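The values are calculated or read from the model by the stated rules, or taken from the named source; none is laboratory data. Small disclaimer: the values here were computed from a predicted structure and weren't measured. Quick reminder, even Gly has a Cβ in these numbers, built from the backbone with ideal geometry, and neighbours come from all protein chains shown.
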Amino acid sequence: MAKRTIRARDLGIDLESGTEGEYFKWFLACLLFGKPIQQEVAK
């Protein structure tokens, strides 16, 4: 099964805004995607 690259914008996270809230969302996404769960579940 090929793995697909998921970027912040795919999750609706705007890192270019530079706000703390968006960085926190990205941090949580990194934690979820680093766990042994399916990508679609983490998304």
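Which of the residues belonging to segment 15-33 are within 25 Å of LYS3 (Cα to Cα) and either of a type outside the set (Gly, Ala, Ser) or in contact (Cβ under 8 Å) with a residue 24 or more places away in the chain (or both)?
Here is the first cut: in segment 15-33, the ones within 25 Å of LYS3 (Cα to Cα) are 15, 22-33.
If the condition is that a residue be within 25 Å of LYS3 (Cα to Cα) and either of a type outside the set (Gly, Ala, Ser) or in contact (Cβ under 8 Å) with a residue 24 or more places away in the chain (or both), then LEU15, GLU22, TYR23, PHE24, LYS25, TRP26, PHE27, LEU28, CYS30, LEU31, LEU32, PHE33 are the ones that fit.
Going through segment 1-12 one residue at a time, which ones are outside any helix (DSSP H, G or I) and among the charged types (D, E, K, R)?
The first filter runs over segment 1-12 and keeps only residues outside any helix (DSSP H, G or I), leaving 1-7, 12.
Of everything in segment 1-12, those that are outside any helix (DSSP H, G or I) and among the charged types (D, E, K, R) turn out to be LYS3, ARG4, ARG7.
Being modelled with pLDDT of 75 or more, outside any helix (DSSP H, G or I) and loosely packed, with under 10 Cβ neighbours inside 10 Å is the filter here, so list the residues in segment 13-43 that pass it.
Result: GLY18, GLY34.
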